[in-house]
1. For L300, are the conditions met, namely being more than 18 Å from F207 (Cβ to Cβ), crowded, with 19+ Cβ neighbours inside 10 Å and in contact with a Leu (Cβ under 9 Å, 6 or more places away or on another chain)?
2. Here's a check for you: in segment 309-345, which residue that is closer than 23 Å to F250 by Cα and among the acidic types (D, E) is surrounded by the fewest Cβ atoms within 10 Å (Cβ to Cβ)?
3. Kindly indicate whether T63 is farther than 26 Å from M163 by Cβ, of a type in the set (S, T, N, Q) and surrounded by 15 or more Cβ atoms within 10 Å (Cβ to Cβ).
4. Having 1 or more residues that are under 30 Å from A212 (Cα atoms) is the bar; report the helices (runs of 4 or more DSSP H) wholly within segment 83-200 that clear it.
5. Restricting attention to segment 107-131, and to residues there that are under 17 Å from E64 (Cβ atoms) and at pLDDT 95 or above, which single residue is surrounded by the fewest Cβ atoms within 10 Å (Cβ to Cβ)?
6. Only one residue in T94, T30 is in contact with a strand residue (DSSP E or B) (Cβ under 9 Å, 6 or more places away or on another chain), hydroxyl-bearing (S, T, Y), closer than 18 Å to A142 by Cα and not assigned by TED's automatic domain parsing to the domain that holds P174. Which one?
7. Only one residue in L297, L288, L352 is in contact with a Pro (Cβ under 6 Å, 6 or more places away or on another chain) and among the aliphatic types (A, V, I, L, M), so which one is that?
8. Could you tell me whether any residue of segment 72-79 is at pLDDT 95 or above and surrounded by 19 or more Cβ atoms within 10 Å (Cβ to Cβ)?
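The values are calculated or read from the model by the stated rules, or taken from the named source; none is laboratory data. Computed from a prediction, not measured in an experiment: that's the story for all the values here. Backbone-built Cβ (ideal geometry, glycine too); neighbour counts: all protein chains shown.
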Amino acid sequence: MEVYLVGGAVRDELLGRAVKERDWVVVGATAEQMQRQGMRQVGRDFPVFLHPVTHEEYALARTERKVGAGYHGFSTDSSPTVTLEEDLARRDLTINAMARADGGRLIDPHGGQRDLEARQLRHISPAFVEDPLRVLRVARFAARFATLNFRVADETRALMRQMSESGELATLVPERVWQETRRALEEQSPQVFFEVLRECGALAKVFPEIDALFGVPQPEQWHPEIDTGVHTLMVVKMAAALSPLSTVRFAALVHDLGKADTPRSKWPRHAGHEVQSVRRVQELCARLRIPNDHRDLAVLAARHHGVVHRALELRPATVLELLTHTDAMRRPDRFEQFLLACEADARGRKGLEQRPYPQGDWLREALRAVRAVSPAAEELDAAGSEIAEGLRRRRLDAITALKRQ
């Protein structure tokens, strides 16, 4: 039995990055031998085990053979005769196909270290095309390492385009698409994920609602970048600078989906696009089975971002209506995420990235003032409707007083 450190831990160590988790490959062992050593099997599709002390993952070396369509269309062999080199050869990118032996010796049969130095994301073999999920994975790694100037190798980009055109991406199950997308949204440069997908034709297959935004113009007065698709990715980039939360970044991504539905005769204006955006967001979230917390925040941003941009001009009653519709009094943390998504929209525009966004601070103050209001003592014995009306009046008074300051 031989044990090797593999994959991301080796890659990140060579890049000088912090190693967050360590994965191991075991050669020459059976599942029964692993279990006798106290390992707990957790893999369903192939033998993966958790170490009883470190809880790190140990997988038996395996090979994969394509036998059907899609991500699950593989037959695996994890017998003790599978070699380390065979296991590494089934991986996606050269930089993820390195291993370290006990004692520190680097095993790099596919030139991963060379590609790290050249800042290249390169596939290992033509078998790359057998797994459609790899298109999303490469785009995600591009988002992770964009600040280190990594780029997708030309030949890998060509294969990704071939996969996009083949129809194989249609076999991806929604949960896997969302899993990769969520992880990409949490990367340092999430906008790069969508840029890479668009360059290889995959964005139109996986996220047609986002792809449809490119080429749709907006008024240059408010959007110097003009193109709605370009604006969307600028908003995602700004959201990443404002918040690490995937909820905020996803809301930023989909806030303007309805603009793709504006008739050409109405361009570049998009009156009423908020209602269409809400519908598109709900359809996308249903199709990809996106979690409710992401969907709900995205719907709020799509519906109300224009109102937030006008916050300093709103009447107190409209401010209170916004706070009520967004459930801000009961869910102030989500309201904060909502404001960050709106700020990302306002500043995700060419030349306006450093523009202040006082609307957010004003609404934060308004929420604090409203939450400080409680029913008057004389109203506590009144009917529920009377308490509610009295509370509403005092909340309006609090917002009015704030506007006068």
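1. no
2. D333
3. So T63 does not fit the description; no.
4. The helices (runs of 4 or more DSSP H) meeting that bar are 133-144, 154-166, 174-185, 190-199.
5. My answer is P109.
6. After applying the criteria, what remains is T94.
7. One residue alone meets the criteria, L288.
8. Looking for residues that are at pLDDT 95 or above and surrounded by 19 or more Cβ atoms within 10 Å (Cβ to Cβ), one finds none in segment 72-79, hence no.
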